[in-house]
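J.: Shown below is the structure under consideration.
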Amino acid sequence: MNRSKCRLLIGVILCALAATSVFAQTSAKAKLGSDTAKGGFRNEDAIRDKFNSYKSDDDAKAWLREMNFDPKDIISLRAAKPHGEKADVEVTIETKAGIRREGISIKLVSGQQGFNQIDKRWLSHYAEMWKMPSDVVTALKLFVGEIPPTKPGRSKERMFLDEIDPKLKDTVVKFFTENKAAIVSDLFAGDGEHSASWVMVAFKPAEKTEWVLRSSQRTVEFYGEGEVSLTRGGNLKIGRITMQRKGGDAGRDTAKMLQFKINPVELFNAKK
């Protein structure tokens with residue numbers, strides 16, 4: 001083997017070793033506060049079914065304990081999947097203390113850097129829900145493309161926040177800063193009868209499934225930590241949450257919807 005090929009082979013081996021080391025460190029960090037599922041699960045249906053079989057399912061028993069229920073004290077339990085609500089699975093639990101309904105928002109991920117949508121709607125819906133001032137609405141209409149760009153930029157269809165008039169941009173940052181707590185709560189928990197009081201992340205990088213279950217209040221606090229600022233790409237960062245234009249959809253109007261995304265694996269690092 002000549003020297004150039006030898007050097008190339010050594011370089012490939014070193015890169016592989018480095019990648020393995022980084023992955024191992026990240027995986028170890030992600031497992032903080034997590035548990036390993038006994039049987040594994042692929043989707044919300046499986047999680048619902050495990051709750052309904054809690055008497056014989058060790059994972060469901062562990063989830064109930066995290067939710068401050070002793071499985072031995074449960075008189076009856078029924079888990080269901082409400083349609084189009086913040087709660088992906090809703091568990092109705094009867095004990096001697098009464099009947100409680102617990103909504104759980106579920107995020108299933110297979111990669112460390114997998115981003116997951118937590119909410120997506122038309123700007124008009126958010127504007128009404130959060131009582132946005134007219135100048136904030138105008139700025140976000142430029143951002144999603146409901147109003148054509150006022151000057152040439154990176155896209156012919158819309159403007160990024162770092163391309164919008166500085167005064168308008170500042171009104172957006174100010175609005176989300178002043179209303180951050182309420183906005184983040186709406187994004188995760190929602191409100192009404194089918195709101196989510198818990199958030200579960202199921203992480204399955206390989207055969208084993210790691211899971212973490214946190215109250216919506218703790219999840220809101222964790223993902224809301226940090227300033228409201230612009231990203232390098234001209235989107236909005238709200239703590240650990242990214243707000244962006246949906247895009248895609250082969251140019252259909254739905255590409256103009258607002259979308260909020262997180263990295264669910266980060267929740268493994270949130271203390272109880």
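Where a number appears in this text, it was derived from the coordinates with a stated rule and is not lab data. Owing to the predicted nature of the structure, the values given are computational and were not obtained by experimental measurement. Positions of Cβ are generated from backbone atoms using ideal geometry, with glycine treated the same way; all protein chains shown enter the neighbour counts.
J.: If all Cα-Cα distances of region 115-272 are sorted into 10 Å bins from 0 onward, what percent lands in each bin, rounded to whole numbers?
T.: So the P(r) values, bin by bin, are 10, 38, 32, 16, 3, 0.
J.: Run a plain Debye calculation on region 166-205 (Cα atoms as equal point scatterers, no solvent) and give log10 I(q)/I(0) at q = 0.16, 0.28, 0.30 Å⁻¹, rounded to two decimals, same order as the q list.
T.: Computed log10 I(q)/I(0) values: -0.60, -0.91, -0.96.
J.: Related question: Taking other Cβ within 10 Å of each residue's Cβ, how do SER155, SER105 sort, fewest first?
T.: SER155, SER105
J.: Expressed as a whole percent, how much of the Cα-Cα distance distribution for region 54-174 exceeds 20 Å?
T.: 63 percent
J.: Once you put a point 7 Å from the Cα of SER134 and another 7 Å from the Cα of ILE99, both along the Cβ direction, what distance in nm separates them?
T.: 4.9 nm
J.: Still on this structure, please answer the following. Arrange the following residues from fewest to most other Cβ atoms within 10 Å of their Cβ: LYS246, LYS96, LYS208.
T.: Ascending number of Cβ neighbours within 10 Å: LYS96, LYS208, LYS246.
J.: What lysines does LYS156 reach when the alpha-carbon gap must be under 20 Å and sequence neighbours fewer than 8 apart in one chain are set aside?
T.: LYS141, LYS169, LYS246, LYS256
J.: Let me ask something additional. Setting aside same-chain residues fewer than 8 positions from LYS204, which lysines have a Cα under 23 Å from its Cα?
T.: Straight-distance partners of LYS204: LYS29, LYS31, LYS38, LYS50, LYS61, LYS81, LYS86, LYS107, LYS261, LYS271, LYS272.
J.: Given H placed on each backbone N at 1.01 Å, which residues far from ILE118 in sequence or on other chains put an amide H within less than 5 Å of it?
T.: Amide H to amide H, under 5 Å and 5 or more residues apart or across chains, ILE118 pairs with PHE260, LYS261, ILE262.
J.: Among the aspartates and glutamates, which fall within straight-line cross-link reach of LYS120, defined as a Cα-Cα distance under 13 Å, with same-chain neighbours fewer than 8 residues apart omitted?
T.: In chain and number order, the partners are GLU85, ASP186.
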